[in-house]
1. Which one of Ile287, Ile318 is assigned to a helix (DSSP H, G or I), open to solvent by 60 Å² or more (accessible area, probe 1.4 Å) and modelled with pLDDT under 85?
2. Please verify whether the range 290-299 includes one or more residues that are more than 14 Å from the chain's Cα centre (by Cα) and open to solvent by less than 60 Å² (accessible area, probe 1.4 Å).
3. Can you name the condition, by its number, that Ser303 falls short on among (1) part of a helix (DSSP H, G or I); (2) in contact (Cβ under 8 Å) with a residue 24 or more places away in the chain?
4. Is it true that Ala198 is at pLDDT 95 or above, surrounded by fewer than 13 Cβ atoms within 10 Å (Cβ to Cβ) and either assigned by the TED database to the domain that holds Val108 or over 23 Å from Pro254 (Cβ atoms) (or both)?
5. Check whether at least one residue in the range 215-238 is within 15 Å of Ile110 (Cα to Cα), at pLDDT 95 or above, surrounded by 15 or more Cβ atoms within 10 Å (Cβ to Cβ) and among the hydrophobic types (A, V, I, L, M, F, W, C), and report yes or no.
6. So which of Ala88, Ala67 is modelled with pLDDT of 95 or more, in contact with a Phe, Trp or Tyr (Cβ under 6 Å, 6 or more places away or on another chain) and in a helix (DSSP H, G or I)?
7. Condition first: at pLDDT 80 or above, closer than 12 Å to Tyr60 by Cα, out of contact with any strand residue (DSSP E or B) (no Cβ under 8 Å at 6 or more places or on another chain) and among the aromatic types (Phe, Trp, Tyr). Can you find one or more residues in the range 297-306 that meet it?
8. If Asn77 satisfies all but one of (1) in contact with a Leu (Cβ under 7 Å, 6 or more places away or on another chain); (2) outside any helix (DSSP H, G or I); (3) crowded, with 20+ Cβ neighbours inside 10 Å, what's the number of the condition it fails?
Amino acid sequence: MHTWRARLVPPALAIAFSVVFCSIVLLASGANPALALAEMVTQVGRGTTAVNILNTAGIYYLAALAAAICFQMNLLNIGIEGQYRLAACVAAIVGGSITLPYGLHALVIILVGALVGAVWCGIAALLKVYRGVSEVISTIMLNAIAGGLIAYLVSTDAFGELRGNSLGTPVIADSGRVPGIPFGEAGTVFGLVLLAVAVGVGYGLMMDRSRYGFELRVSGHSLSAAKAGGINGKRMIITAMLLSGAVAGLAGLPEILGREHTYTINFPVGYGFAGLAIALLGRNHPIGIAFGALLWSFLDKSSLTLDNIGVPKEIVTILQGTIVLSVVVAYELVRRHELAAEQRRVGRALGRTDEAVPAGGERS
């Protein structure tokens, strides 16, 4: 009970505080908070909004899982942004340059995306293990390098094609596309949303049911203690970052294989950084991350509808930032409360033990 309370109360407090804070900001700006919040909620039932929220949540979910894997190892993979974009770009180039039977074509694209993400993140892992370079610094630098590399790959000097006013990689043939799940006028859910669910299930099983997941958690709590227990710390760092990069490499593929079928210079950005916040919000738990991804996607779509009723869409950015800051504070407050409660329970238990001590003074 206490575990679930410790997991659920912090995000609930953070969201409640964020809503109150944003309501104050809206009042200060002259807007009606009740009208804005009602508009945010009612927009879900209109047009294709619900499906769009689900599609974007699937992408956020993969990015957040990539962040969570490194969080478990007490590593901070800020390079998810560059990993998913570079992986999507290379996968689109490969997918648009080859022709394979239906199914196999898409599978090759997915594997290429995961491989590119893993290799790009693996560079930071090797730098950390063998040169002591902080993964924070190296992944930030790799983000910048990935941006430049993508700009070159998409240019007409490399693999880019100019179609109208848009510059992008070769279009992937029908055999390489992943069909979606149609919901009539409500839109079509990306087929790779199911891949995101499968990755989430795999992540949960790995962390809770496998020896590797146990070693990952132990190494994250104390690397020195893990080494004393016979766990190879270098191997854990490298494998954790390779896994994180591989999952990050999948994050851009729902857009590529489900809608765009090419990588253009207007490819969506920001999923990687949002994934870090969502993993934090979801406490690195696959179910918590799923709710965090849906919330983040819902807020993204809300910015558009708020703009339509004259409310500054930047209020959503304030709301997202406030949630992240609040959840950090809330987790710490709940952790201290749980620790104090545990100490009281231990104290009461010791008190009962003392009462059970025989009159002769000898403990059983």
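The values are calculated or read from the model by the stated rules, or taken from the named source; none is laboratory data. Everything numeric here is computed off the predicted structure, so don't read it as measured data. Neighbour counts run over all protein chains shown; Cβ positions are idealised from the backbone, glycine included. Protein only, heavy atoms only, side chains kept; ligands, DNA and RNA dropped before computing areas. Shrake-Rupley method; radii C 1.70, N 1.55, O 1.52, S 1.80 Å.
1. Numbers: Ile287 fails: modelled with pLDDT under 85.
The conditions single out Ile318.
2. Within the range 290-299 (the criterion being more than 14 Å from the chain's Cα centre (by Cα) and open to solvent by less than 60 Å² (accessible area, probe 1.4 Å)), the answer is yes, since at least one residue qualifies.
3. (2)
4. Working: at pLDDT 95 or above: yes; surrounded by fewer than 13 Cβ atoms within 10 Å (Cβ to Cβ): yes; either assigned by the TED database to the domain that holds Val108 or over 23 Å from Pro254 (Cβ atoms) (or both): yes.
Judged against the criteria, Ala198 is a match.
5. Scanning the range 215-238, I find no residue that is within 15 Å of Ile110 (Cα to Cα), at pLDDT 95 or above, surrounded by 15 or more Cβ atoms within 10 Å (Cβ to Cβ) and among the hydrophobic types (A, V, I, L, M, F, W, C), so the answer is no.
6. The unique qualifying residue is Ala88.
7. Yes - at least one qualifying residue is present in the range 297-306.
8. Unmet condition: (1).
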